[in-house]
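As structure tokens, the structure follows; a few thoughts come after it.
The values are calculated or read from the model by the stated rules, or taken from the named source; none is laboratory data. None of the values given here were measured: they were computed from a predicted structure. Cβ coordinates were reconstructed from backbone atoms using ideal geometry, including for glycine residues, and neighbour counts include every protein chain displayed.
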Amino acid sequence: MEYSSRRKFLQKTVLASTSIALLSNIQLANAFSFSNCPFEGYNSYAEEKNDLRNPFLSGKQISIKGQIFDKTGTNLLPNVCIEVWHLSPNSKSYKHRAKLKTDTKGNYHFITDFPNKEYGKSSRIYFKISNSETYYFTELVINSTGAHITDKHWYDNQLLDEHLFPITEEFENSSTITFNITL
């Protein structure tokens, strides 16, 4: 009898351990899922860099710079993580992606190739801004007339006042866009 009871105990222990291990793996997989990202193409494993350009492409280039402010729109935030991605030129893949950080004054800057666009939409560059307390997703819409914000960005960042709308400067085969964001 004792042998049977020991066997049942071991079976139940193995079953419980397996269940815990599977549950932990499911929770781990959910932690790395990108379902909380409202935009396609996000990958948290982007390389840290400021230059997203492909050296084999010779098309239009965009330099994007700006500042990250707190929710009041008055204080600049240093060392904020900025993740950016967009459709690669002449492609339906999101191979242009990077991570960068704001400097001690809340400034950021990166340069990239002009993004491709999804069918029926303008070209877009997507942003995830985060620090140890929170994160925020937004997008920058780019077309032949310049850079534009979405209604969601306008609503979420109104306290930026005169710093809210992107400023586009064109020069030959490149553009410089100033794009500020609150976190």
task = For segment 60-76, indicate whether the set of residues that are over 20 Å from residue 166 (Cα atoms) and either outside any strand (DSSP E or B) or in contact (Cβ under 8 Å) with a residue 60 or more places away in the chain (or both) is non-empty.
result = no
ask   = Out of all the residues in segment 157-172, which are out of contact with any strand residue (DSSP E or B) (no Cβ under 7 Å at 6 or more places or on another chain) and under 20 Å from residue 86 (Cβ atoms)?
value = 170
message = Looking at segment 95-107, I want the residues that are at positive phi and in the same structural domain as residue 130 (by TED's automatic domain parsing) and have a partner that is among the aliphatic types (A, V, I, L, M) and buried (at least 20 other Cβ atoms within 10 Å of the Cβ) with Cβ atoms under 9 Å, at least 6 apart or on another chain. Which pairs are those?
response = 106/68; 106/80
inquiry  = Tell me whether segment 97-112 contains one or more residues that are crowded, with 17+ Cβ neighbours inside 10 Å, touching a strand residue (DSSP E or B) at 6+ places or on another chain (Cβ under 6 Å) and not in a strand (DSSP E or B).
reply    = yes
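In this structure, is residue 87 surrounded by 15 or more Cβ atoms within 10 Å (Cβ to Cβ), more than 24 Å from residue 38 (Cα to Cα) and at pLDDT 95 or above?
It is false that residue 87 is surrounded by 15 or more Cβ atoms within 10 Å (Cβ to Cβ), more than 24 Å from residue 38 (Cα to Cα) and at pLDDT 95 or above.
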request  = Identify all residues within segment 119-139 that are in contact (Cβ under 8 Å) with a residue 60 or more places away in the chain and of a type outside the set (Lys, Arg); write none if there are none.
outcome  = 125, 126, 129, 137, 139
